[in-house]
Amino acid sequence: MSLIRVKDLSITFSHPTQGDFQAVKNVSFSLSEGETLAIVGESGSGKSVSALSLLGLLPQSATITGERFYKDNALHTFQENDFQKIRGKEIAMVFQEPMTALNPLHTIEKQIAEPIQTHEMLTTKQVRTRVIELLNMVGFPEAKDRLRAFPHQLSGGQRQRVMIAMALACQPKVLIADEPTTALDVTIQAGIIRLLRQLQHDLKMGLILITHDLGMVKKFSDGKETKMGVMQEGSLVELNSIDHIFNTPKHAYTKKLIDSEPQGHPKEIPGDAKDILKAQHLKITFGRKKSFWRPFDSETHAVKDVSFQIKEGETIGIVGESGSGKSTLGYALLRLLNTSYTGKIVYQGQDLMTLPVKHMRSLRKDLQIIFQDPFSSLNPRFTCAQSIGEGLKIHESVLSKQDIEDRVLKSLKEVGLDASFMHRYPHELSGGQRQRIAIARALILRPRLIVLDEPTSALDRSIQGEVIELLRVIQAKYKLSYLFISHDLKVVRAMSHRIMVMRNGKIIEMDTAEEVFSRPKDPYTQELLRAAI
């Protein structure tokens, strides 16, 4: 039975100053019960916009033409009340950026329970039981004990799993998964893929999988039953079975995507390169406050006795499962966490742990960070030019307005964007475009050390390669040091001189990139590498 039918879908956005922009052009596809349609393409190609139109989630500035059907329901005739009846129950969606999709003021229990309470008649006890079952189903650790946690208290991967649990709460007939494994490590990715495939089989659920990760698409393939559509600049340039497209691609852009893999290695650093930053016996602890339900204080040890050093011009890649302490360690090194620290963080001879806040501000130019979620880290009221240039106004106040504009334009070009992006706002960009703005904002200050937290997770493979090469060129030119946090082992290998493997807050293995990939010593490292194949 056909669940979704789309015919000649076109979507145009109106802008008060820049005119109209056609994001989707005459796209047609269908989806049957139990079938998977993987939609791939570069950032900004129209993948997510096409999917959002099926749920009536596009802004008023969008003009939609063409036909959209769910079973016998003409979605193109629906009003908001009609869409509310099917959202979550019949058609559900896992959004690309969980931090912005989740309500920061509500616990994860309340948010997962909301669609259940909206569409099903269950008691409070039954709802809680169902929420715990869903969290366990998607591999969320200590589900029963974390029900009262808020989104900001979770890692990126944990937030993504909460989003998947919410989408599956009412066992929908159609699931739209927009980059569902972007923030997850490779072992959890494999588990989520198995979970979605099993749910498809059990519920006869249709799945629209939106992704830039061709490796994940391959893992989803079950032969001719799984289709793949390739989008470029708003058009569906190729649509066929996954096996057919991978074996005999017809369109030039499809061939380019398939051939795009992170390659090469970073430039070797001199043997006499100086240490730029050292962590010595670093421990980071988060406390939980007393409450009526929790009469005693409890602590979470996020980082446990970590010591390492990073040299000038060196890249250290950090890999490990979601919640292993990777991002926490990166934030801690830059003194961005308001929590309990012990140990030392030494930057060019200064112990950052002992510096007052006002003295740390003067070092922010040298110590930059690119966050995992670009949408929540960009000011929604700032244009791209304002976001990128803000640091220059603070740290290089002698620059004229024209100097700042020239530097901003140069940074945009460095990350593959043109001058038209200067006056756009974050909500007008795709996830990958927002990530490139975040990279430009960090690079414009020419820092000494950059912590990159999943900097390429929202980028398609072709753009990933360009960003990797860009980061290498800038590193060699300015002797930058990178702490590169990622779950994508291919990207980590292409970027890193040394690799640190973390688990449960500890470093379990650290060696050169070649040694870790060729001769991994720890069983967990071996498991990570097997899952990435």
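Using DSSP, restrict attention to beta bridges with both residues in the chain and report what percent are antiparallel, rounded to the nearest 5.
55 percent
Using heavy atoms of the protein chains and a probe of 1.4 Å, the accessible area assigned to K477 is about 140 Å². When only alpha carbons of the range 101-180 are considered, Rg and Dmax amount to 11.7, 33 Å. Roughly what angle does helix 156-168 make with the longest principal axis of the chain, taking Cα atoms, 0 to 90 degrees, to the nearest 10? Computed tilt is about 10 degrees. Treating r as the C-beta distance of S10 and D351 and R0 as 60 Å, the FRET efficiency rounds to 0.50. Working value for the range 476-533: equivalent-ellipsoid semi-axes of 21, 13, 11 Å, each the square root of 5 times a Cα gyration tensor eigenvalue, largest first. Which distance in Å, rounded to a whole number, links the C-alpha centroids of the range 38-114 and the range 335-402? When both Cα centres are located, 35 Å separates them.
From the Kirkwood radius over Cα pairs of the range 48-136, Stokes-Einstein at 4 °C and 1.567 mPa s returns a whole-number translational diffusion coefficient of 86 µm²/s. When you work out D = kT/(6 pi eta Rh) for the range 375-533 at 10 °C and 1.306 mPa s, using the Kirkwood radius from C-alpha pairs as Rh and the Stokes-Einstein form, the result is 93 µm²/s. Ratio of Rg to Rh for the range 266-393: 1.01 [Cα atoms; Kirkwood radius as inverse mean 1/r over pairs]. Among rounded, prolate and oblate, which fits the range 452-504 when a ≥ b ≥ c are the square roots of the eigenvalues of its C-alpha gyration tensor, a/c under 1.5 means rounded, and a/b larger than b/c means prolate? Note, shape of the range 452-504 comes out oblate.
Simple spin-label estimate for A74 and S397 gives 6.3 nm between the two label positions (7 Å along the Cα-to-Cβ direction from each Cα).
In sequence order, the range 197-205 has phi-based couplings of 5, 5, 5, 4, 5, 6, 9, 6, 7 Hz under the Karplus curve 6.51 cos²θ - 1.76 cosθ + 1.60, θ = phi - 60°, and Gly or Pro positions carry x. Quick check on the range 6-56: take the gyration tensor over C-alpha atoms, sort the square-rooted eigenvalues as a ≥ b ≥ c, and tell me if it's rounded (a/c under 1.5), prolate or oblate. Cα axes put the range 6-56 in the prolate bin.
Normalised by the number of residues in the chain, the average gap of Cα pairs under 8 Å and 6 or more apart makes the relative contact order 16 percent. For Q171 and E466, the difference between the fully extended length at 0.36 nm per residue and the C-alpha to C-alpha distance is 102.3 nm. The angle separating the long axis of helix 384-395 from the principal Cα axis of greatest extent in the chain is about 20 degrees. Estimated from the Cβ-Cβ distance and a Förster radius of 60 angstrom, the FRET efficiency linking M121 and F246 is about 0.85. Across the range 229-245, rounded Karplus estimates of 3J(HN,Hα) from the backbone phi angles (6.51 cos²θ - 1.76 cosθ + 1.60, θ = phi - 60°) give x, 10, 10, 9, 6, x, 10, 8, 8, 7, 8, 6, 5, 4, 4, 5, 5 Hz, Gly and Pro being marked x.
Remark on the range 169-272: Rg and Dmax equal 16.9, 61 Å (Cα only).
Working note: Debye formula, equal point scatterers on the alpha-carbon atoms of the range 137-208, no solvent; log10 I(q)/I(0) at q = 0.16, 0.18 Å⁻¹ is -0.56, -0.71. Principal-axis analysis of the Cα atoms of the chain puts helix 523-532 at an angle of about 40° to the longest axis. Stretching the chain fully between R381 and L105 yields a gain of 97.2 nm (0.36 nm per residue, less the alpha carbon separation).
Centroid-to-centroid, using Cα positions, the range 123-148 and the range 198-274 are 33 Å apart.
A simple charge model with +1 on the Cβ of Lys and Arg, -1 on the Cβ of Asp and Glu and nothing else charged puts the dipole of the range 186-262 at about 140 debye relative to its Cα centre.
Computed across the range 432-472, the Kirkwood radius stands at 10.6 Å (inverse of mean 1/r, all Cα pairs). 3J(HN,Hα) along the range 427-439: 5, 8, 10, 6, x, x, 5, 5, 5, 5, 5, 5, 5 Hz, from the Karplus curve 6.51 cos²θ - 1.76 cosθ + 1.60 with θ = phi - 60°, whole Hz, x for Gly and Pro. Using the Cα coordinates of the range 418-508, the gyration tensor eigenvalues translate into equivalent-ellipsoid semi-axes of 24, 16, 12 Å, sorted from longest to shortest.
The values are calculated or read from the model by the stated rules, or taken from the named source; none is laboratory data. Here the structure is a predicted model, which means the values were calculated and not measured. Neighbour counts are summed over all protein chains in view; Cβ atoms, including those assigned to glycine, are modelled from backbone coordinates with ideal geometry. When the accessible area is computed, the model is the full protein with side chains, heavy atoms only, and any ligands, DNA or RNA have been set aside. Shrake-Rupley method; radii C 1.70, N 1.55, O 1.52, S 1.80 Å.
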